[in-house]
1. Expressed as an acute angle from 0 to 90° and rounded to the nearest 10, what is the orientation of the C-alpha long axis of helix A:71-83 relative to the principal long axis of chain A?
2. Read phi for every residue in the range B:48-57 and hand back ³J(HN,Hα) as whole Hz from Karplus 6.51 cos²θ - 1.76 cosθ + 1.60, θ = phi - 60°, with x for Gly and Pro.
3. In terms of Cα to Cα distance under 20 Å, which aspartates and glutamates are near enough to residue A:2, apart from those fewer than 8 places away along the same chain?
4. Helix A:12-28 versus the longest principal axis of chain A: what is the Cα-based angle in degrees, 0 to 90, to the nearest 10?
5. Which aspartates and glutamates have a Cα lying under 12 Å from the Cα of residue B:93, excluding residues fewer than 8 positions away in the same chain?
6. Any aspartates and glutamates with Cα under 16 Å of the residue B:41 Cα? List them, leaving off those in the same chain fewer than 8 positions away.
7. With both bridge residues required to lie in the protein assembly as shown, what share of the DSSP beta bridges run antiparallel, to the nearest 5%?
8. Using the Cα centre as the reference, give the magnitude of the dipole from point charges on the C-beta atoms of the protein assembly as shown (Lys, Arg: +1; Asp, Glu: -1; all else neutral), rounded to the nearest 20 debye.
Amino acid sequence: MKIEVLHAPGCVRCARELAGLRAAALALDPTVQWHEINIVDAIDYAVALGVLKTPAVAIDGELVFAKLPLPDTLSAAMRERRRTPA
Amino acid sequence: MDSSTSHPQWLTVGKIAELAEVSANAVRFYEREGLMQVPPKTRSGYRLYGPEAVQRLRFIKQAQQCGFTLAEIQALLQLRDQPSTCCNDVHAKVIEKKLALEARIRDMKTMSMALDQLIADCSNDGRPAEDCPILGALSGPAGGAAR
């Protein structure tokens, strides 16, 4: 499973919360591919995903959260995705 | 005109419009929309503006040229006027605008490609409109004109 967090550089909230989200994702799936992407470097990709605000979270190339979720919410989305792969 | 109008710091609506290269009507429009403050009238009935009004007008004009709506410009001006704002807040707003613009460009490119298809499908001859392939494609099942 691949998780991409698209965020603006200098996002204070992201810096504060990303470590907790990453830990929650790895706790659920130690093989998860975790990518933190500077949206300025990936505008075309962000547009293709449908991102309109930052930060946003995509799972396996699909926009799932239009803002940073809580760690538990991210874990629940990952579990759901494992049950019903796209 | 009273003595305040001759003070070099104070400017008439026509003067701030000229300095910011907008029309006086645009200034009044921005005032109505809440982007510019309306100064009180002097005793002789003039509304006079400080030099910061010119800066504000330039800000509005250039933000419009970058595609910001009046509501978005209002939000940017509020950010500018709040001492607690940091550059990251402004940067995030601009990134969001860029994302929205790029999404619109993508949608418009899709529309343009649909038009290309309609143009290609029509031999542009003198047949009656009821036989026109463009009108036929537009009347057909959804997606027919944008395949």
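1. Computed tilt is about 60 degrees.
2. Once rounded to whole Hz, the list reads 10, 10, x, x, 5, 5, 5, 4, 5, 5.
3. Qualifying aspartates and glutamates at Cα under 20 Å: A:17, A:29, A:36, A:41, A:44, A:60, A:62, A:72, A:80.
4. Value to nearest ten degrees: 20.
5. Answer for residue B:93, where 12 Å is the Cα cut-off: B:72, listed by chain and number.
6. B:2, B:31
7. Values: 9 of 15 bridges.
Approximately 60 percent, going by the DSSP bridge assignments.
8. Details: 28 positive and 27 negative charges, 159 e Å.
Charge dipole of the protein assembly as shown: 760 debye, to the nearest 20.
Taken together, the values in this text are just the output of simple stated rules run on the coordinates, not laboratory data. All of these numbers come straight from a predicted model, not from anything done at the bench. Every residue, glycine among them, receives a Cβ derived from its backbone with ideal geometry; neighbour counts consider all protein chains shown.
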